[in-house]
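First the structure, in the form of structure tokens, and then the observations on it.
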Amino acid sequence: MPFVIIFFATRKPGVTPEQFKTHYEDIHMPLLREIAGPHFPLTHTRRYIQRSPGVAEGTTLNATTPAQVLVGTQADFDYDVVVELTFEDAATFQAFMAYAHTPERSARVIADEETFLDRSQSRAVVLGDINVTKRD
């Protein structure tokens, strides 16, 4: 059974949504691929929160770049990307963690993350069963 993690990341104050996405795609992803080597997940999917210029209440980070919130408040969506990491199983995830999180490798990832995201706001959770319903 696949082992899936959802990770929520928030950009640092002063980093625009465009700068955040560019850095994640052009610098952070190649670094992650290099660091993880043969233990890179089966998939590393990034879904960026759609933001538009405007005025948002209830948030300081996104006061001028609100999300298109359908349910909830702007502050509920201060993160900028939802990342889905899929591994073959829990054992391959553990191998990834052991390989990619040595002190030297971790230091490189942390140093990069500190340039564009607010690590104190990062959140991650393991998903359970995944059920998909498709239209006919």
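The values are calculated or read from the model by the stated rules, or taken from the named source; none is laboratory data. A quick note: this is a predicted structure, and the numbers were derived from the prediction, not measured. Here Cβ is always computed from backbone atoms with ideal geometry, including for glycine, and neighbour counts include all displayed protein chains. Keep in mind that these areas ignore ligands, DNA and RNA; they rest on the heavy atoms of the full protein, side chains included. Shrake-Rupley method; radii C 1.70, N 1.55, O 1.52, S 1.80 Å.
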- prompt: How many Å² of accessible area per residue for segment 1-112, probe 1.4 Å?
  reply: 57
Shape box of the chain [Cα atoms, principal axes, largest first, Å]: 45, 45, 22
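Could you calculate, for segment 60-136, the ratio of the Cα radius of gyration to the Kirkwood radius, expressed as Rg to Rh?
Radius of gyration over Kirkwood radius for segment 60-136 works out to 1.05.
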message: At 1.4 Å probe size, put Glu113, Glu88 in order of accessible surface, largest to smallest.
response: Glu88, Glu113
field: Sparsely packed trypsin sites (Lys or Arg not before Pro) within segment 97-136, loop by DSSP, other Cβ within 10 Å at most 15
entry: Lys134, Arg135
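Can you give the net charge of the other residues whose Cβ lies under 11 Å from the Cβ of Glu84, counting K and R as +1 and D and E as -1?
For residues surrounding Glu84, the net value is +2.
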- line: Residues meeting the amide H criterion for Val81 (H placed from the backbone, H to H distance under 5 Å, 5 or more places apart or on another chain) are Ala9, Ile49
- prompt: Taking every eigenvalue of the Cα gyration tensor of segment 1-60, multiplying by 5 and rooting it, what semi-axes result, largest first, whole Å?
  reply: 28, 15, 9
- request: Please give the helix 103-116 orientation as an angle from the longest Cα principal axis of the chain, in degrees from 0 to 90, rounded to the nearest 10.
  value: 20
query: Simple spin-label model, 7 Å along Cα-to-Cβ: Ile130 to Thr115 in nm?
result: 3.1
query: If we count every other residue with Cβ under 15 angstrom of Ala107's Cβ, Lys/Arg +1 and Asp/Glu -1, where does the sum land?
result: -2
statement: Note: segment 27-84 at 4 °C, 1.567 mPa s; Kirkwood Rh on alpha carbon pairs; Stokes-Einstein D in µm²/s works out to 98
- request: Would you kindly derive the ³J(HN,Hα) couplings of segment 56-71 from the backbone phi angles with the Karplus curve 6.51 cos²θ - 1.76 cosθ + 1.60 (θ = phi - 60°), listing them in order in whole Hz, with x for Gly and Pro?
  value: 10, 9, x, 8, 9, 4, 10, 4, 10, 9, x, 7, 8, 6, 9, 9
message: Quick check for me: using +1 on Lys/Arg Cβ and -1 on Asp/Glu Cβ, what's the dipole size of the chain about its Cα centre, in debye to the nearest 20?
response: 100
- prompt: Going toward the positive end of the dipole of the chain, with +1 on Lys and Arg Cβ and -1 on Asp and Glu Cβ, which of Phe87, Ile49, Gly128 do you reach last?
  reply: Ile49
message: At 1.4 Å probe size, with the rest of the protein present, what percent of the exposed accessible area of segment 10-117 is carbon and sulfur atoms?
response: 57
